[in-house]
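> Before I ask anything, let me first share the structure, which is written out below as structure tokens.
No value in this document is a laboratory result; all are computed from the given coordinates. Since we're looking at a predicted model, the values are computed, not measured. Here the Cβ positions follow ideal geometry from the backbone for every residue, glycine too, while neighbour counts run over all protein chains shown.
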Amino acid sequence: ITAIDTRHPITGPNHVRGAAETFAWTGDTDFLRDVLPGMRRALRFTLSEFDVERRGCVRVSWVGHDGRSGLSVAADGRKTLHPGRGVGNNYWDLLPFGGDDALATVYLYDALRRMAEVERAAARHPEWRLPADPAPFDPRRLERLAEKVRRTAGRRFWNAETGRFCGWRDLSGRAYDYGFTFVNLEAIHYGLATPAQARRILAWLDGEREVPGDTSR
């Protein structure tokens, strides 16, 4: 086992998403009053820690989370372990997602849009008596950043040869595409995929087309 920690870059975005969705379902302003400061902290940490505003995606630079495997196999079949590499990086933590992480970027994209909705509602309803913040998020800024993330991810993670999104790119730029159904379906569901990309993905998932040499059928 080469993993050295169990940190996940999706924790902050998913906290924001879960809290925003709970409030959208319940309309519970007491709940929102309790969780809003934590939502803001989680999103600020995510944007800063993963250099999102500059790069337009989630880049995980933690030690061991650069997207490289902790195992290499030579031509003669001999295996070499690389301690400190290949750390599991998000919900699907048996694989070394990391580096530029597609799934984390999908969830961040959704978190940015949800947080924009929450901040806009908070500004519109002072009677909710939500906690003040010295520098609250500007909903328009969040929406502009979300659009930048969508455009960047559509280029950075799209594999034109296979017609689907890869799971991640390691910090050397190598893409890893093993036919990730969950990455591609989440990208469609949350609106990160363009209509043309979505059609190609679904044609592959439905078996209307196959990728030559691909074992993911």
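> Could you compute Rg(Cα) / (2.2 N^0.38 Å) for the chain, with N its residue count? All intermediate terms of the calculation are to be shown ahead of the outcome.
Values: Rg = 19.0 Å, N = 217, 2.2 N^0.38 = 17.0 Å.
Compactness ratio reported: 1.12.
> Which is farthest toward the positive dipole end of the chain among Thr29, Pro13, Pro195, measuring Cα position about the Cα centre, with Cβ charges +1 (Lys, Arg) and -1 (Asp, Glu)?
Value: Pro195.
> Can you list the residues, at least 5 places off or on another chain, whose amide H is less than 5 Å from the amide H of Trp168, using H built in the peptide plane?
Those qualifying (amide H under 5 Å, at least 5 residues apart or on another chain) are Ala102, Tyr176.
> Given only helices, namely DSSP H runs of n ≥ 4 each adding -39500 (n - 2.57), what is the per-residue ellipticity at 222 nm of the chain, to the nearest 500 deg cm²/dmol?
On the way: 7 runs with 102 residues, N = 217.
Here the helix-only value at 222 nm equals -15500 deg cm²/dmol.
> May I ask you to evaluate 6.51 cos²θ - 1.76 cosθ + 1.60, the Karplus curve with θ = phi - 60°, for each residue of region 38-49 and list the ³J(HN,Hα) values in order in whole Hz, giving x for glycine and proline?
3J(HN,Hα) across region 38-49, in whole Hz: x, 4, 5, 5, 4, 6, 4, 4, 4, 5, 6, 4.
> Right, something else. Hey, got the dipole for region 99-156? About the Cα centre, +1 on K and R Cβ, -1 on D and E Cβ, debye to the nearest 20?
Numbers: 13 positive and 10 negative charges, 59 e Å.
With only Lys, Arg, Asp and Glu charged at Cβ, the dipole is about 280 debye.
> Suppose every Lys and Arg Cβ carries +1 and every Asp and Glu Cβ carries -1, with no other charges. What dipole size does region 87-198 come out with about its Cα centre, to the nearest 20 debye?
On the way: 16 positive and 15 negative charges, 82 e Å.
For region 87-198, the charge dipole is close to 400 debye.
> Another question, if that's okay. R0 = 41 Å: FRET efficiency of Glu161 with Val63, Cβ-based, nearest 0.05? Walk me through the numbers on the way to the answer.
On the way: r = 32 Å, r/R0 = 0.77.
The value I calculate is 0.85.
> Another one. Relative contact order (percent) for the chain, with alpha-carbon contacts under 8 angstrom and 6 or more residues of separation?
Numbers: 339 pairs, mean separation 43.2, N = 217.
After rounding, I find 20 percent.
> Charges only on Cβ, +1 for Lys and Arg, -1 for Asp and Glu: so what's the dipole of the chain about the Cα centre, in debye to the nearest 20? Mind showing how you got there, number by number?
Details: 33 positive and 29 negative charges, 118 e Å.
That gives the chain a dipole magnitude of about 560 debye.
> On to the next question. I'd like the Kirkwood hydrodynamic radius of region 168-217, using the inverse of the mean 1/r over distinct C-alpha pairs, in Å. Write out the running numbers ahead of the final one.
Values: mean 1/r = 0.0841 Å⁻¹.
Hydrodynamic radius (Kirkwood, Cα pairs) of region 168-217 is 11.9 Å.
> Using a basic spin-label model with each label point 7 Å from the Cα along Cα→Cβ, how many nm lie between Asp28 and Tyr190?
Between Asp28 and Tyr190, the label points sit 2.3 nm apart.
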